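Q: Supplied in structure tokens, the structure appears directly below.
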Amino acid sequence: MKKIHILIGGLSLIGLFLSFGAYGQKLNDMVNLKFYAKDNALLPAPKKHEKRVVFIGNSITQGWARMRPGFFSSNNYIGRGIGGQTSPQLLLRFQQDVVALRPVAVVINVGTNDIAENTGSYDPIFTFDNIKAMVAIAQANNIKVILSSVLPAAGFKWNESIKDAPQKIDALNEEIAAYAKANKLAYIDYNSELRDESGALKAHYGDDGVHPNEEAYVVMEGIAKPIVDAVVVD
């Protein structure tokens with residue numbers, strides 16, 4: 001009987017390890033470190049006095065770099081957005097996709113998918129803590145931080161259970177803006193220019209109410225570049 005108990009206990013332990021292993025692999029896949037691994041490896045080290053800036057975010061940042069590559073290449077900006085990602089995912093790849101690239105500054109844009117509950121129920125404190133953690137990591141590595149507003153959205157077609165997206169976006173943006181002001185960080189406000197009176201993305205700035213089109217990205221460039229320039233040359 002004792003041997004049977006030992007065998008059962010051993011099998012349970014093996015099952016537990018296999019379960020943890022499967023969960024760990026799923027977590028790695030969600031963080032998606034491999035997405036930019038090759039691009040990062042091919043990127044040369046910055047030259048002396050080079051003013052490299054990384055934009056990290058979700059599909060909004062990814063689409064920007066894809067749709068407007070000239071804006072990024074001409075300004076020595078590097079896009080590191082991954083569609084669908086939330087603040088904990090950005091935090092877990094921040095070392096690889098920001099710090100290791102040795103930029104002068106980082107522009108952080110995150111929150112849309114947290115509110116859309118892509119990786120679980122939305123907790124504004126958790127989201128804001130992840131943003132603050134990215135700020136701390138950047139500053140510990142002498143990287144200047146530029147925070148930015150969550151873009152407007154009336155809702156999310158992939159999760160129509162979210163009925164109060166504009167209110168949650170506005171509340172998070174107020175927290176980010178106040179934190180930036182209190183800590184003397186630059187802040188880019190895309191939301192005010194891109195929203196309509198209800199807090200939705202203006203219809204002519206996108207087709208699905210969440211993702212900007214090229215016209216919107218041009219507007220965002222006009223808002224962002226003077227602020228980034230001021231931080232980089234400071």
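Q: May I ask you to list pairs of residues, at least six apart or on different chains, whose Cβ atoms are under 6 Å apart, with the first in the stretch 34-51 being in contact (Cβ under 8 Å) with a residue 12 or more places away in the chain and assigned by TED's automatic domain parsing to the domain that holds Ser73 and the second being surrounded by 13 or more Cβ atoms within 10 Å (Cβ to Cβ) and in a helix (DSSP H, G or I)?
A: Here the result reads Tyr36/Asp97; Lys51/Val232, each pair linking the stretch 34-51 to a residue that is surrounded by 13 or more Cβ atoms within 10 Å (Cβ to Cβ) and in a helix (DSSP H, G or I).
Q: Taking Tyr77, is it among the aromatic types (Phe, Trp, Tyr) and under 24 Å from Glu160 (Cβ atoms)?
A: no
Q: If you go through the stretch 184-213 one residue at a time, how many are in contact with a Leu (Cβ under 9 Å, 6 or more places away or on another chain) and either in a helix (DSSP H, G or I) or over 25 Å from Gly84 (Cβ atoms) (or both)?
A: The number of residues fulfilling the criteria is 5.
Q: Same structure again: Inside the stretch 92-129, can you point out the residues that are free of Cβ contacts under 8 Å to residues at least 60 places away in the same chain, surrounded by fewer than 22 Cβ atoms within 10 Å (Cβ to Cβ) and within 29 Å of Ala41 (Cβ to Cβ)?
A: Gln95, Val99, Arg102, Asn118
Q: Something else: Among the candidates Ala153, Ala182, single out the residue that is under 26 Å from Val98 (Cβ atoms), surrounded by 12 or more Cβ atoms within 10 Å (Cβ to Cβ) and hydrophobic (A, V, I, L, M, F, W, C).
A: Ala153
Q: For Lys47, only one of the following conditions fails: (1) modelled with pLDDT under 95; (2) crowded, with 21+ Cβ neighbours inside 10 Å; (3) not β-branched (Val, Ile, Thr). What is its number?
A: (2)
Q: Quick check, is Pro166 at pLDDT 95 or above and farther than 17 Å from Ser148 by Cβ?
A: Values: at pLDDT 95 or above: yes; farther than 17 Å from Ser148 by Cβ: yes.
It is true that Pro166 is at pLDDT 95 or above and farther than 17 Å from Ser148 by Cβ.
Q: What are the pairs with Cβ atoms under 6 angstrom where one residue, in the stretch 209-234, is without any contact (Cβ under 8 Å) to a residue 60 or more places away in the chain and the other, located anywhere, is basic (Lys, Arg)? Sequence gap at least six, or different chains.
A: Qualifying pairs under 6 Å: none.
Q: Taking Asn159 as the residue in question, decide whether it is surrounded by 19 or more Cβ atoms within 10 Å (Cβ to Cβ) and either more than 19 Å from Phe94 (Cβ to Cβ) or under 17 Å from the mean Cα position of the chain (by Cα) (or both).
A: no
Q: Lys38 passes all but one of (1) modelled with pLDDT of 95 or more; (2) in a helix (DSSP H, G or I); (3) surrounded by 10 or more Cβ atoms within 10 Å (Cβ to Cβ); which number fails?
A: For Lys38, the exception is condition (3).
Q: Among the numbered criteria (1) part of a helix (DSSP H, G or I); (2) farther than 25 Å from His211 by Cα; (3) not hydroxyl-bearing (Ser, Thr, Tyr), which one does His49 miss?
A: Failing condition for His49: (1).
Q: Suppose we filter Val106, Val98, Val54 for residues that are more than 25 Å from Ile162 (Cα to Cα), at pLDDT 95 or above and in contact with a Lys or Arg (Cβ under 6 Å, 6 or more places away or on another chain); which single one remains?
A: Val54
The values are calculated or read from the model by the stated rules, or taken from the named source; none is laboratory data. Nothing here was measured: the structure is a model prediction, and the numbers come from that model. Because the Cβ atoms are built from the backbone with ideal geometry, glycine has one as well, and the counts that use them run over all protein chains shown.
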